[in-house]
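Undergrad: Please see the structure below; I have some questions.
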Amino acid sequence: MTVTRFAPSPTGWIHIGNLRAALFNYAIARQNGGTFILRLDDTDPVRSKEEYVQGLKEDLTWLGLTWDREERQSLRTDRYEDAKQRLIAAGRVYECFESSTELDLKRKKQLSMGKPPVYDRAALKLSEDEKAKLRAERPSHWRFLLDPGRIEWEDGILGPISIDAASVSDPVIQKEDGQWLYTFASSVDDSEMAVTDIVRGADHVTNTATQIQIIRALGAEPPRFAHHSLLTGPQGEGLSKRLGTLSLRDLRGQGLEPMAVLSLMARLGSSDPVELRSSVQEVVDGFRLDSFGAAPTKFDAEDLWPLTQRVLSAKSVEAVASVLAQAGVPESLHAAFWAVLHENVAKSGDIADWWRVLSEGKAGVAADEDREFATQALEALGAPPYTESTWNEWTNALKSSTGRKGKGLFLPLRRVVTGRDAGPEMAALMPLLQVKPSLAD
């Protein structure tokens with residue numbers, strides 16, 4: 001059976017980059033009738049916070065990405081200790097005593113000599129007496145002993161990968177304070193949870209090489225791995241400093257529609273065109289892992305807004321009834337309001353903005369050269385209620401009295417009523433006005 005997982009660290013709000021891993025793994029599981037696991041990498045007790053756990057669950061739920069079961073690495077430390085002891089007995093895990101300062105000095109010395117900064121395995125040369133003496137002086141950490149030779153796999157996106165184990169340091173699996181590190185904890189989990197497929201960012205390729213050896217040392221078969229490209233800004237710049245502003249929490253708060261986000265992210269970086277989908281199942285059905293390439297993927301958050309507008313404009317009045325009510329639109333006007341304005345709402349927050357225009361007035365604006373005309377126009381307009389014929393009657397009267405016509409007539413009047421240069425048909429909008437239009441304070 002297909003088993004995938006999304007394994008975020010709850011040390012912050014998940015961002016648009018995290019979403020690619022969540023969505024890809026979710027789609028693979030659902031396409032194959034398999035299991036999708038939400039696995040929280042919360043082994044860092046200082047940085048992991050419950051508010052981030054709840055936040056990422058809210059984000060995934062908002063997107064419609066449901067998980068079949070939840071796991072927390074903080075509750076599985078006994079499994080990591082058991083695996084560690086088994087690998088110690090097998091000669092694949094060993095104790096080390098260098099401090100971070102000593103390791104840093106070793107790396108600098110190797111680099112100055114033109115050598116790769118790979119751990120020299122000095123701890124393997126220690127006698128039992130030397131180890132006992134060091135244990136009395138300082139805490140120790142533990143490393144996994146990599147086998148020599150090349151580590152190879154067929155990557156689902158990058159193709160054939162081959163990494164020389166000699167170019168990689170034996171990974172630390174447990175720190176001096178007892179904290180289990182990602183490389184080891186994830187390997188144990190992937191083995192024991194029978195994970196079959198893992199899709200994640202290309203920055204994990206080296207991790208994959210070491211994890212393949214760890215998983216095999218644990219007596220399991222490594223999953224199929226695929227590494228998607230990393231996101232860049234629209235000009236190819238790195239997104240690392242901007243990801244804080246691209247959290248799903250913030251994007252959700254800005255009024256983006258979940259189907260807009262999923263539709264874009266399910267195709268961005270692939271050879272398939274972006275197509276707006278109407279359901280999560282449609283996104284899953286149209287997902288093809290083999291359509292993605294290795295080149296960096298340009299992401300522009302502005303691309304999400306046209307998709308959001310298309311999602312909103314296609315919704316029925318029943319689907320937006322709660323948003324209309326929250327914005328203050330009376331239920332008796334829901335159908336008429338949405339019929340007139342659904343194509344002019346770019347995000348859900350625009351609904352409240354339009355209702356303020358219609359119910360409170362004081363939204364009008366006028367250029368300096370149009371101010372006298374705007375005052376005259378408002379004096380010529382009676383009080384509501386208005387009908388669909390009001391617009392033509394008003395504009396015809398002003399055309400006769402001022403000689404204005406075309407854009408010189410209609411654009412200033414639209415601005416007087418709505419404060420905008422564009423919008424719905426004014427004849428259809430006028431009956432929705434609850435107060436007489438007026439210029440903004």
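The values are calculated or read from the model by the stated rules, or taken from the named source; none is laboratory data. Nothing here was measured: the structure is a model prediction, and the numbers come from that model. Neighbour counts run over all protein chains shown; Cβ positions are idealised from the backbone, glycine included.
Undergrad: Let me spell it out: the conditions are (1) under 16 Å from Gly17 (Cα atoms); (2) in contact with a strand residue (DSSP E or B) (Cβ under 6 Å, 6 or more places away or on another chain); (3) surrounded by fewer than 15 Cβ atoms within 10 Å (Cβ to Cβ), and Ala295 meets all of them except one. Which number is the exception?
TA: Failed condition: (2).
Undergrad: Tell me, which helices (runs of 4 or more DSSP H) lie completely within the stretch 218-285 with 2 or more residues that are modelled with pLDDT under 95, in contact with a helix residue (DSSP H, G or I) (Cβ under 6 Å, 6 or more places away or on another chain) and not aromatic (Phe, Trp, Tyr)?
TA: Correct list: 248-253.
Undergrad: Does any residue of the stretch 181-198 turn out to be in contact with a His (Cβ under 6 Å, 6 or more places away or on another chain) and closer than 16 Å to Ile163 by Cβ?
TA: The answer is no; no qualifying residue exists.
Undergrad: Moving to a separate point now. Only one of Ile28, Ile37 is touching a residue at least 40 places away in the same chain (Cβ under 8 Å), of a type outside the set (Asp, Glu), crowded, with 18+ Cβ neighbours inside 10 Å and assigned to a strand (DSSP E or B); which?
TA: Going through Ile28, Ile37 in turn, the sole match is Ile37.
Undergrad: Next question. Determine which member of the set Ile198, Ile214 is buried (at least 19 other Cβ atoms within 10 Å of the Cβ) and assigned to a strand (DSSP E or B).
TA: Selected residue: Ile198, the only one of Ile198, Ile214 that is buried (at least 19 other Cβ atoms within 10 Å of the Cβ) and assigned to a strand (DSSP E or B).
Undergrad: Within the set of pairs 6+ apart or on separate chains, which have a first residue in the stretch 101-130 that is within 22 Å of Asp164 (Cβ to Cβ), a second that is assigned to a helix (DSSP H, G or I) and among the hydrophobic types (A, V, I, L, M, F, W, C), and C-beta atoms under 6 Å apart?
TA: Pro117/Leu111
Undergrad: Also, I was wondering about something else. List the helices (runs of 4 or more DSSP H) that sit entirely inside the stretch 312-394 and contain at least 1 residues that are charged (D, E, K, R) and without any contact (Cβ under 8 Å) to a residue 24 or more places away in the chain.
TA: Once the helices (runs of 4 or more DSSP H) in the stretch 312-394 are filtered for at least 1 residues that are charged (D, E, K, R) and without any contact (Cβ under 8 Å) to a residue 24 or more places away in the chain, what remains is 349-360, 371-380.
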